[in-house]
Amino acid sequence: MKQSLTLGKVTKFMGLGFLSSFKDLFTGKLEKEDYKAFLRKVIVPIASVLLFIGLWHLGAKSLYNVEAEFRIEKALNEQGQAAADEMAACIASGDISCQPNTLPSPSQVWASFQSLLKDHALISADKAAFIEKTAALNEKRVAEGKDAIVYTGRPSFVDQIFRSLKTVFAGFFLALLIAVPLGIFIGLSPTLKSAFNWFIQIFKPVSPVVWYLLVFMIVKTLLIDSSEDSSFSISFIAVGLCSMWATLVNTSMGVSSVDKDYINVAKVLKLGNFQKVFKVVLPSSLPLIFTGLKITLSVAWMVLIAIELLAQSPGLGLFVWEEFQNGANDSNAKIIVAMFVIGIIGFLLDRLMLAIQNWVSFEKTDAI
Amino acid sequence: MAYLELKNIYKTYGNDENATEVLSNINLEIEEGEFVAIVGFTGSGKTTLVNLINGLLEPTKGEVLFKGEPVVGTSHERGVIFQNYSLLPWLTVGQNVYMAVKEAFPKKPKKELNAIVADYVDMVGLTPAINKRPKELSGGMRQRVSVARALSMKPEMIIMDEPLGALDALTRGTLQDEILNIWGKDKRTALLITNDVDEGIYMADRIIPLRPGPNATLGPEFKIDIERPRDKTLMNDNPNYKKTRNAIIEYLMDIGEERKSQASEEFILPDLAPKDFVNQFK
Ligand SMILES: Nc1ncnc2c1ncn2[C@@H]1O[C@H](COP(=O)(O)OP(=O)(O)OP(=O)(O)O)[C@@H](O)[C@H]1O
Ligand SMILES: [Mg+2]
């Protein structure tokens, strides 16, 4: 089966079909009745985004005013009129030392986003310079059998994102490796099903925090001799264990509820057990397995933030926590930036899974 | 000893209070090389009977003997054309047939298997659609894939559960001839379930009605004494044909009437009408 890959096909595959409306707009391919669809698919979302930003702006402004008035009032009550005037002047001047600390406005968030990118550029340059500087020295050290010197500077925001993605994918693959095979066995054997049922029912609802603590207890002991930092292992294992349940349940359900007609075909053709599983049972449960994997990935991404924070493992979760502790004047704005980044990456991960699902399975699923 | 023998077969679905006896006291003998058709109303238990013979179901009471041996599970010797096609939706037409051919002839090289697949797909007229998935096919095309899949395994006995129901008259005629051709070539045995009396008369040596369920039993058999190869247009003038056809239809109408009168005794409809409907007359 050969398919030419056009932009339209790819975007549709990814559930980003609305992008092709743009292309049609610019290539002048819109028919009259398409305008209605264009209005609904492009104009309405853009309008709602603008409305959202507007409301956010107004909300942030009124919160700012509440906080500012409170500060002036407090200065008046505690130190008298002069202090209150000074405070009002200070707030109006935009001095950092007395700025109200509340929900940042959209423009502050945008400014923080740019400063985070600038910071990343700075750190990257610093890192590149460091690597260049130590290259010769490291070669010598390696030749002598010593460890190379590595860059230990502060990670940038972008580094944290990649670190988080690494953790989430490690956790996701751990979940996949455990849950899919186990789900298949449970689905195939009623005995295993009743053996595991209590286990699934009890552990499925356990909160990520508790999983983290459990993994921490075990991994800490297992790695007792090693001097390595175990925070990455702990966080990805905890992420995997929290998120694998959807896949486990969906896989076993898919495998145990294969259409009776297909089973009859397998029987009439006299397929062996192995063939039956790989040629009939698995393909027919693939849509459900993927639904499970999709949920697993989104759960993994969601719990990751909490777990990184607990495990002190570098990543977006730790970034958010540190900014919160930090309490600098732009910390709140940075937290909101992180919030959007987390949301957008979560959305893209979901679309990625959808694309893979459509690619491997015979039933096409539409994006929601 | 008959080739296929059903002895006092009873089949009950469910247990205790929910139990319904679908088939009661079924006795049937089919000789080697025979072509037998079973006609019956919908829901009378034809598919159940087919599944007892091909080994997908076990009788509650009684015995199914195939070549003198009790039937335990399915076998490549008995090929099945399922009523609901039962194609695997993730495989293409060619792959669906290939899977069956490969199981039937595990020792043949791949090239030969592919040739067999191509042959049978061509026979049912689906060569242009060989790379399509079942979802992209019409109901009739799916049915033809199912026919190709069953016949490609070259089973000794061909069991067909309303195999041509979804086809137009023309395609139906072609496939009837193909099936007869395959049956006649190496003197195989065939069991055809159909709801079309004419199809039964054209294809079979004997027609046996299945009386309506529950507790369906087989009715008296009708022998079709028309020489083969049969010709559809000439057959219409054959006095034997007319006589047999009328007898079968009369029998079926009788049991149909019987069923209707029984039904009207059993179900008394409640005296209800939609509100709006009643209000119209006020
Ligand atoms: N697995 C099952 N469990 C319970 N009842 C069943 C089951 N399969 C079939 N039946 C019942 O048995 C009866 C006969 O079903 P069957 O499918 O054999 O009919 P059929 O003659 O093939 O009908 P059709 O012509 O519509 O295909 C029906 O009343 C049906 O409700
Ligand atoms: Mg049926």
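Just so you know, all these numbers are worked out from the coordinates, no wet-lab data involved. Because the structure is predicted, anything quoted here is derived from the model rather than measured. Cβ atoms come from the backbone with ideal geometry, glycine included; neighbour counts cover every protein chain shown.
Some values worked out for this structure:
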| read-out | value |
| --- | --- |
| Cα-based shape type of the stretch A:104-154, given that a ≥ b ≥ c are square roots of the gyration tensor eigenvalues and the cut on a/c is 1.5 | prolate |
| Part-to-part distance (alpha-carbon centres) for the stretch A:234-264 and the stretch A:44-67, which is given in Å | 42 Å |
| Kyte-Doolittle mean at least -0.5, axial Cα span of 24 Å or more - DSSP H helices of chain A | A:44-79, A:106-143, A:157-188, A:231-256, A:282-311, A:331-360 |
| Selection from A:Val49, A:Asn101, A:Ala125, by position along the positive dipole direction of chain A (Cβ) | A:Val49 |
| DSSP beta bridge pairing in the protein assembly as shown, given as percent antiparallel to the nearest 5 | 45 percent |
| Net +/- balance of residues flanking A:Ala47 in space, Cβ distance below 14 Å, scoring K and R +1, D and E -1 | +2 |
| Relative contact order %, the stretch B:41-193, counting alpha carbon pairs below 8 Å whose residues are six or more apart | 27 percent |
| Rough spin-label spacing in nm, given labels placed 7 Å along Cα→Cβ, for B:Lys67 and A:Glu144 | 8.3 nm |
| ³J(HN,Hα), Karplus 6.51/-1.76/1.60, whole Hz, each residue of the stretch B:18-31, x for Gly, Pro | 7, 5, 10, 8, 7, 10, 10, 6, 8, 10, 8, 10, 10, 7 |
| Where only C-alpha atoms are counted, convex hull volume of the protein assembly as shown per residue in Å³ | 352 Å³ |
| Cβ-Cβ FRET estimate between A:Asp225 and A:Ser107, R0 fixed at 56 Å, reported to 0.05 | 0.60 |
| FRET efficiency estimate (nearest 0.05) - Cβ-Cβ, A:Leu39 to A:Ala328, R0 41 angstrom | 0.40 |
| Most positive-pole-ward Cα, A:Met302, B:Leu49, A:Thr134, against dipole of the protein assembly as shown from beta carbon charges | A:Thr134 |
| Prolate/oblate/rounded call for the stretch B:83-154, Cα gyration tensor, a/c under 1.5 rounded | prolate |
| P(r) weight above 29 Å for chain A, C-alpha pairs, percent | 62 percent |
| Proximal charge balance of B:Leu192 [Cβ under 13 Å; K/R count +1, D/E count -1] | -3 |
| 0 to 90° range, to nearest 10: angle between helix B:93-104 axis and chain B longest Cα axis | 70 degrees |
| Hits among lysines - C-alpha to C-alpha of A:Lys36 under 17 Å, sequence gap 8 or more where chains match | A:Lys23 |
| Principal axis dimensions, largest first and in whole angstrom, of the stretch A:64-104 by Cα | 29, 17, 13 |
| Stokes-Einstein diffusion coefficient of the stretch B:161-217, Kirkwood radius over Cα pairs, 25 °C, 0.890 mPa s, in µm²/s | 196 µm²/s |
| The stretch A:157-360: radius of gyration over Cα atoms, expressed as a fraction of 2.2 N^0.38 Å | 1.19 |
| Fraction of the pair-distance distribution of the stretch B:1-59 above 14 Å, Cα-Cα pairs, percent | 60 percent |
| Pair A:Ile200, A:Thr152: separation of 7 Å Cα→Cβ label points (nm) | 4.7 nm |
| Sorted by Cβ neighbour density within 10 Å, fewest at the top, the residues A:Ser226, A:Ser231, A:Ser164 | A:Ser226, A:Ser231, A:Ser164 |
| Charge tally in the Cβ shell below 9 Å around B:Leu52, where Lys, Arg are +1 and Asp, Glu are -1, B:Leu52 excluded | 0 |
| Over chain A, relative contact order from alpha-carbon pairs under 8 Å, at least 6 apart, % | 19 percent |
| Test item: Cα-centred dipole of the stretch A:237-299, Lys/Arg +1 and Asp/Glu -1 on Cβ, debye | 220 debye |
| Total charge dipole magnitude, the stretch A:104-154, about the Cα centre, Cβ charges on Lys, Arg, Asp, Glu only, Debye to nearest 20 | 60 debye |
| Partners for B:Lys67 among lysines (Cα-Cα distance below 17 Å; same-chain residues under 8 apart left out) | B:Lys7, B:Lys187 |
| Chain B: Cα Rg divided by the 2.2 N^0.38 Å rule of thumb | 1.13 |
| Unit charges on C-beta of K, R, D, E only; dipole of the protein assembly as shown, Debye | 1440 debye |
| Among the listed pairs A:Lys61/A:Lys166; A:Lys267/B:Lys154; A:Lys41/A:Lys334, those beyond 28 Å (Cα-Cα) | A:Lys61/A:Lys166; A:Lys41/A:Lys334 |
| 37 °C / 0.692 mPa s Stokes-Einstein diffusion coefficient of the stretch A:128-188, Kirkwood radius on C-alpha pairs, µm²/s | 215 µm²/s |
| Degrees separating the helix B:139-152 axis from the principal Cα axis of chain B, which is the longest one | 50 degrees |
| Ranked A:Trp359, A:Trp56, criterion: other C-beta atoms within 10 Å, fewest first | A:Trp359, A:Trp56 |
| Förster radius 25 Å - calculated FRET efficiency between A:Phe169 and A:Lys193, Cβ distance, rounded to 0.05 | 0.25 |
